[in-house]
Amino acid sequence: MEQQSKQPITYRFPAGFWWGSATSATQIEGAANEGGKGKNIWDHWYEQEPHRFFQGVGPEVTSDFYHRYKEDIALMKEIGHNSFRFSISWSRLIPDGVGEVNSEAVRFYNAVIDELLANGIEPFVNLYHFDMPLVMQNIGGWENREVIDAYARYASLCFQLFGDRVKTWFTHNEPIVPVEGGYLYDFHYPNVVDFRRAVQVAYHTMIAHAKAVAAFRRAAIQGGKIGIILNLTPSYPRSQHPADVKAAHIADLLFNRSFLDPAVKGEYPQDLIELLAEHRFLPVTEVGDRELIKENTIDLLGINYYQPRRVKAKEHLPNPDAPFLPERFFDYYAMPGRKMNPYRGWEIYEKGIYDILINIKENYGNIECFISENGMGVEGEERFRDESGMIHDDYRIEFIRGHLKWVHRAIEEGVNVKGYHLWTFMDNWSWTNAYKNRYGLVAVDLDNHLKRTIKKSGYWLKTVAENNGF
């Protein structure tokens, strides 16, 4: 691995650039029934329908970060991380969602934060990553304003408990995904298919976000910043025909701008309001909501990018009896000749990351941002393991390199992008896909006591971080 660092640097990144990775509580902690943790929707859904999870693997153990965080943070340091995003489990910190703080959880998260800092790694903390406490879901989840207030209290407690050491905070990771999974497409609990309820959940999630930002401002954390993590999947029209362009515009409004505009600009796009009004799907609002959103915009935008969304005008009239879904406005378009990750079924389109960043510069005030997730899930990686036990994931190196070139170009063109976090540090539990596709810089051997082994990509990223470029 040594000779890599001797090569000349073609793509140099700005001083202080964040190199690291991201993960979430439910996907790595394990210890689902330990340390006083309450149940979240994943614990519950797995109990109800284990057959819906790949090979029947649930969230009880995952990658056992709860017990092995010291070993894992040492590995983060070894592969050159200067920053790391993780999430706090609401149901671990406040098991019933609203009551007493769990002292064992406080001890655990304090230990993780302190261990990161001791290893020169800045903790980035996210408050919500798809993991609604079950007691909160049982009273309606994000459909219920009481849950919004409980979340705002939880956020405020986190700022009090950990804000002396954590300066970079996020309210939500990919808030559109629980809307899609839980209320439109049946891949998250509560498995509802109802556009009206989906709109209300999305709107209430935004209100919860704004209340957390307001709590953060009150907490007055010295040097602190708060943001949101959005999966800004760019919507590309098949052609420049007005019908295709309109289809892409609507997809962009529903999936991207529904959170991006209120988070950064403090208001919803007028086109989105008109679209929902036309089809009689405007959410129920309360007096003061508009001011709350307007006054609580973010400091820092996290951008998750995996794949583009390619769309075209609808080929056929929608079935009037079918559930109303976003696809009423567009069809997906499989572009001929596209490059694919066959394991995940996702297109690989590196320039998409640049297009997002230029859009942020041109239309969102060039707000401070960073790539908060980008990565490649591959099934059966053990076939690339050499005799020493290392996985040679050259395809992942190629994937990261291809995307970083476009990030670098965006920086050269003046985009205010501060870092790059890979999804993810170590192989983790990917919700209903469990351990089907592996994303980590570090392999986790499920058949050998969860043994950790750095992959070739981990060593490659180490040299990139050390050289601040490649």
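Coordinate-derived values only; no laboratory data. In this text the structure is predicted, and so the values were computed from the model without any measurement. Heads up, the Cβs are rebuilt from the backbone with ideal geometry, glycines too, and the neighbour counts pull from every protein chain shown.
Take the residues in the stretch 93-132 that are closer than 21 Å to Phe216 by Cβ and among the charged types (D, E, K, R), then tell me which one is surrounded by the most Cβ atoms within 10 Å (Cβ to Cβ).
Residue satisfying both the conditions and the ranking: Asp131.
Residue-wise test of (1) more than 30 Å from Ala152 (Cα to Cα); (2) out of contact with any Pro (no Cβ under 7 Å at 6 or more places or on another chain).
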| site | (1), (2) |
| --- | --- |
| Asp43 | no, no |
| Phe54 | yes, yes |
| Thr62 | no, yes |
| Ser83 | no, yes |
| Ser91 | no, no |
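Just give me the residues in the stretch 346-366 being touching a residue at least 60 places away in the same chain (Cβ under 8 Å) and either surrounded by fewer than 19 Cβ atoms within 10 Å (Cβ to Cβ) or in contact with a Gly (Cβ under 6 Å, 6 or more places away or on another chain) (or both), in sequence order.
Asp355, Asn359, Tyr364, Gly365
If we only count strands (runs of 3 or more DSSP E) wholly inside the stretch 374-470, which ones have 3 or more residues that are surrounded by 18 or more Cβ atoms within 10 Å (Cβ to Cβ) and of a type in the set (A, V, I, L, M, F, W, C)?
Strands (runs of 3 or more DSSP E) meeting the threshold: 442-445.
Among the residues of the stretch 68-92 satisfying the criterion of being aliphatic (A, V, I, L, M) and outside any helix (DSSP H, G or I), which is surrounded by the fewest Cβ atoms within 10 Å (Cβ to Cβ)?
Looking at the filtered set, the residue picked out is Ile79.
Does Phe324 count as in a loop (DSSP other than H, G, I, E, B) and touching a residue at least 24 places away in the same chain (Cβ under 8 Å)?
On the way: in a loop (DSSP other than H, G, I, E, B): yes; touching a residue at least 24 places away in the same chain (Cβ under 8 Å): yes.
Yes.
Mind checking which pairs have a first residue in the stretch 148-170 that is surrounded by fewer than 20 Cβ atoms within 10 Å (Cβ to Cβ) and a second that is not in a helix (DSSP H, G or I), Cβ under 6 Å, 6 or more apart or different chains?
Once the first residue is surrounded by fewer than 20 Cβ atoms within 10 Å (Cβ to Cβ) and sits in the stretch 148-170, its partners that are not in a helix (DSSP H, G or I) give Gly163/Ile221; Lys167/Gly223; Lys167/Gly224.
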